[in-house]
Amino acid sequence: MNDAALSTTHVRPLDTQRAINLAVTFWFSIAAIGHGIFFVYILAVFYPPIAESGLYGLQDMHLPAGFREGDTLGNLAAVAHVLLAAIVIGGGPLQLIPGVRRKLPTFHRWLGRSYLLAAVTSAIGGLYMTWTRHSIGDLVSQITISIDGVLILVFAFLALRHVIAGRIAEHRRWALRLFMAASAVWFFRVVLMGWAMLTGGWGIDWETFTGPFLYALGFGQYLVPLVMLQWYFHCEKREASQRAQIAFVSTLVPLAVFMAIGIFAATIGMWLPRM
Ligand code: HEM
């Protein structure tokens, strides 16, 4: 055996930064496909009836809190909520693609403004519907989704404040947090359906739409994505240990695989049947 074979100088150290980039790209590609399917669902299911019947468009649909006879303000909130959801769900992933940001800066700016306005209006509409109409679930689900609404408002304000002040690195961090909070309702559906497919719905009472799993998911729909994002911010830093970076990749990849299963389950079990 020669010296070169024994030498360690030819062995490349594990490139954890590259592994993180690959894992994040893998996660994002799956999330973007899933958002695309939900976007098509929103366009196909809500736009035609609203275009035809206006504020009566959500009457007799699958949304228990979608329509109330005589409640014009509430019906307006519901209609605006589902129409603007298309901008939030369709626009969010587009905003995060570096190539779009670099090559189409004007598009990025305008989509960013529309996304922010849509997320804020949709959150306010959602809060209004949640507290003035009875939907599925109980007080716990009302509280957990309302926390999401408040997070959307706070993150949108901070993302806007930093970009106006020209603090781009800060803006990026708050805009990413806004994306996670505004997509929490998407995470909720994907995790719910993935869980139902893998466990048969353990911890879920489908009649009342309550149960331990649903309570955990009520908080988890935004807390898990936000914690993972914070971990990612930490791993980007120079001083991040390799051990933290490897742990991050080893957590994100299985989560992404579970997300793909959930997207499949939500598409065939929830979205396609209503389209
Ligand atoms: C900004 C991000 C959000 C998006 C993109 C979004 C999207 C949607 C969509 C697409 C629906 C129709 C449900 C379906 O067909 O699956 C819906 C319904 C609803 N959303 Fe949101 N939503 C968001 C945030 C919120 C928030 C923060 C709240 C409450 C604080 C909320 C409360 C509701 C309520 C009450 C309904 C009607 C449910 C029912 O009738 O039972 N949403 N949302």
Cβ pairs under 8 Å, 6+ apart or interchain, first in segment 27-43 and hydroxyl-bearing (Ser, Thr, Tyr), second open to solvent by less than 40 Å² (accessible area, probe 1.4 Å), ordered by first then second residue, are Tyr41/Trp271
In segment 181-210, how many residues are surrounded by 17 or more Cβ atoms within 10 Å (Cβ to Cβ) and not in a helix (DSSP H, G or I)? 3
Quick one: how many residues across segment 126-168 are in a helix (DSSP H, G or I), within 23 Å of Phe213 (Cβ to Cβ) and open to solvent by 60 Å² or more (accessible area, probe 1.4 Å)? 3
Out of Ser122, Ser53, Ser114, which single residue is under 23 Å from Ser141 (Cα atoms) and assigned to a helix (DSSP H, G or I)? Ser122
Any residue in segment 169-180 that is free of Cβ contacts under 8 Å to residues at least 60 places away in the same chain, buried (at least 20 other Cβ atoms within 10 Å of the Cβ) and among the basic types (Lys, Arg)? yes
Among the candidates Leu223, Leu214, single out the residue that is closer than 27 Å to Val154 by Cα, buried (at least 16 other Cβ atoms within 10 Å of the Cβ), under 13 Å from the mean Cα position of the chain (by Cα) and not charged (D, E, K, R). Leu223
Per the filter on segment 232-245, residues in a helix (DSSP H, G or I) and open to solvent by 70 Å² or more (accessible area, probe 1.4 Å) are His234, Glu236, Gln242, Arg243
Subset of segment 58-97 (residues that are loosely packed, with under 14 Cβ neighbours inside 10 Å, of a type outside the set (Asp, Glu), without any contact (Cβ under 8 Å) to a residue 60 or more places away in the chain and not in a helix (DSSP H, G or I)): Gly70
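Yes or no, residue by residue, for (1) away from the ligand (no atom under 12 Å from the Cβ); (2) within 19 Å of Val163 (Cα to Cα):
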position: Ala78; (1), (2): no, no
position: Gly91; (1), (2): no, yes
position: Arg102; (1), (2): yes, yes
position: Arg109; (1), (2): yes, yes
position: Arg113; (1), (2): yes, yes
position: Ile124; (1), (2): no, no
position: Leu127; (1), (2): no, no
Suppose we filter Leu55, Leu43 for residues that are open to solvent by 50 Å² or more (accessible area, probe 1.4 Å), closer than 30 Å to Gly70 by Cβ and within 12 Å of the ligand (Cβ to nearest atom); which single one remains? Leu43
Under 6 Å between Cβ atoms, at least 6 apart or on separate chains: pull out the pairs that start in segment 127-153 with a residue that is under 23 Å from Ile204 (Cα atoms) and end on any residue that is in a helix (DSSP H, G or I) and open to solvent by 60 Å² or more (accessible area, probe 1.4 Å). Val140/Tyr215; Thr144/Phe219
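The values are calculated or read from the model by the stated rules, or taken from the named source; none is laboratory data. Given the structure is predicted, the values throughout are model-derived calculations rather than measurements. Methodologically, a virtual Cβ is constructed for each residue, glycine included, from the backbone with ideal geometry; neighbour enumeration extends over all protein chains shown. Calculation scope for accessible area: heavy atoms of the full protein, side chains included, ligands and nucleic acids excluded. Shrake-Rupley method; radii C 1.70, N 1.55, O 1.52, S 1.80 Å.
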